[in-house]
Amino acid sequence: MDLPHKGILQSPALTQYIYGTSVYPREHEQLKKIWEATIVKYGNLAETTVPVDEGRFLSLFMEILNPKRMLEIGVFTGYSLFSTALAMPNDGLLTAIDISRDHYEVGLPYIKDAGLAHKINFIESPATPALNQLLSNQDEKLFDFAFVDANKTSYNNTTSC
Ligand SMILES: C[S@@+](CC[C@H](N)C(=O)[O-])C[C@H]1O[C@@H](n2cnc3c(N)ncnc32)[C@H](O)[C@@H]1O
């Protein structure tokens, strides 16, 4: 069994056990395909997706919080996006922002195959102007939960929006 180079778990033996018995067996078939398509298109850059255990953690977190409106900044090919959309309620809406639609379109066919596309509003833009635009359109509370996984140097701007 191949293990990713990063993840939440710190003990190799525990990682091996949990990945073999829980994480990989429960990884959605379309998520496996997003990962494979990401490797084919981007090679080592695929390592920038959230690892499979963090994907499971995000799904679990969404199941507990049950957010109706969620924001993701930094979509890449959609591994984390898929993981959260899968666990959101069917009438939930996930606003997803990335500077590259090309990235998003690698995972989009698998998002569609899994019947999740209707939950996602993708915006191709740098995060800060897109957030300012969303805020200027609506003054009530916009999101129940936000996952930020874009360029780390802009986080101050993102959180002040
Ligand atoms: C670490 S990857 C995201 C990985 C993704 N969460 C996943 O699980 O596959 C970072 C992404 O942030 C995007 N990005 C970089 N700077 C950005 C910005 N200022 N605004 C929005 N997206 C940005 C990149 O295009 C890239 O797709």
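The values are calculated or read from the model by the stated rules, or taken from the named source; none is laboratory data. Please read all numbers here as calculations on a predicted model, not as lab measurements. Virtual Cβ from ideal backbone geometry, glycine too; neighbours counted across all protein chains shown.
Residue count for the range 6-44 satisfying the condition of being of a type in the set (A, V, I, L, M), assigned to a helix (DSSP H, G or I) and at pLDDT below 95: 4.
Of all residues in the range 63-76, one or more are within 18 Å of GLY115 (Cβ to Cβ), modelled with pLDDT of 95 or more and buried (at least 21 other Cβ atoms within 10 Å of the Cβ). Pick from the range 3-49 the residues that are of a type in the set (D, E, K, R) and in contact (Cβ under 8 Å) with a residue 12 or more places away in the chain: which of them is surrounded by the fewest Cβ atoms within 10 Å (Cβ to Cβ)? For the range 3-49, the residue satisfying everything is LYS6.
Selection of first residues in the range 90-104 that are of a type in the set (Gly, Ala, Ser) and of second residues that are more than 8 Å from the ligand (Cβ to nearest atom) and in a helix (DSSP H, G or I), restricted to Cβ pairs under 6 Å at least 6 apart or on distinct chains, gives the following pairs, ordered by first then second residue: GLY92/LYS119. The residues of the range 110-141 that are free of Cβ contacts under 8 Å to residues at least 24 places away in the same chain and either surrounded by 15 or more Cβ atoms within 10 Å (Cβ to Cβ) or not in a helix (DSSP H, G or I) (or both), listed by number, are GLY115, GLN138, ASP139, GLU140, LYS141. A count restricted to the range 9-33 and to residues that are of a type in the set (A, V, I, L, M) and over 20 Å from THR49 (Cβ atoms) stands at 2. Within the range 62-77, residues that are aliphatic (A, V, I, L, M) sit with their Cβ atoms under 8 Å from residues that are more than 16 Å from the ligand (Cβ to nearest atom), at 6+ positions apart or across chains, in these pairs: LEU65/ASP144; MET70/GLY92; MET70/LEU93; MET70/ASP144; LEU71/LEU142.
Among residues that are within 23 Å of ALA146 (Cα to Cα) and of a type in the set (Gly, Ala, Ser), ALA13 is not included.
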